[in-house]
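The values are calculated or read from the model by the stated rules, or taken from the named source; none is laboratory data. Note that the structure is a prediction, hence the values are computed from the model and not measured. In this analysis, Cβ positions are derived from the backbone assuming ideal geometry, glycine residues included, and neighbour counts consider all displayed protein chains. Just the protein is used for accessible areas: all its heavy atoms, side chains included, with ligands, DNA and RNA removed. Shrake-Rupley method; radii C 1.70, N 1.55, O 1.52, S 1.80 Å.
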Amino acid sequence: MPPPDTGDEVVDLILALGHQVRRGVNESLRAGAGLTLPRLKVLRLVAETGPLRLRDLASAVSVAPRTMTETVDGLEADGLVRRQIDPADRRAILLELTPAGKTTLETGRACASAAVRRFTDGLSADDRATLGRLLAQVRDNAAAVNTLPLP
């Protein structure tokens, strides 16, 4: 993949960093837990909120319902989630974690945390605070100019 070329060195570094971080965390998740970041995100949301409708889950992670269905199909095939009928609306399906899903989620969290710690090795507490403040400012500036809602 060619490096970003927005015309701004700082923005190009941020985009390249985001790509490298996602790639590194995904590699760690695949090797240690058999997951990807999107699959980890789904498991985490279901664990934190309890059984969810697929439509609500897709909305929470800003993906199309079809994409979420494909992700959930894979998680279900791996025995990490199960679908159940919503007792409040028998036409709707809820998604819940299985015991294997809970175990895999904890393994995945540990793998992701280990990968992320390696990214910031060598940064002092002051460096981390400064970097966090600067990145938050860039994020806030970007949010201010993004007028369209996420898909």
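Values for this structure:
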| read-out | value |
| --- | --- |
| Cβ pairs under 9 Å, 6+ apart, first in segment 114-139 and farther than 26 Å from ALA33 by Cβ and touching a residue at least 12 places away in the same chain (Cβ under 8 Å), second open to solvent by 80 Å² or more (accessible area, probe 1.4 Å) and part of a helix (DSSP H, G or I) | VAL138/VAL10 |
| Filtered residues of segment 85-127 (kept if assigned to a helix (DSSP H, G or I) and of a type in the set (S, T, N, Q)) | THR103, THR104, THR107, SER113 |
| Those residues of segment 117-134 which are closer than 29 Å to ALA47 by Cα and open to solvent by less than 70 Å² (accessible area, probe 1.4 Å), in sequence order | THR120, GLY132 |
| Segment 66-107: number of residues that are open to solvent by 50 Å² or more (accessible area, probe 1.4 Å), of a type in the set (Val, Ile, Thr) and within 15 Å of GLY50 (Cα to Cα) | 2 |
| Count of segment 1-35 residues which are over 20 Å from ALA142 (Cα atoms), polar (S, T, N, Q) and part of a loop (DSSP other than H, G, I, E, B) | 0 |
| Residue under evaluation ARG109, criteria (1) more than 24 Å from ARG23 (Cβ to Cβ); (2) among the basic types (Lys, Arg); (3) touching a helix residue (DSSP H, G or I) at 6+ places or on another chain (Cβ under 9 Å), criterion not met | (1) |
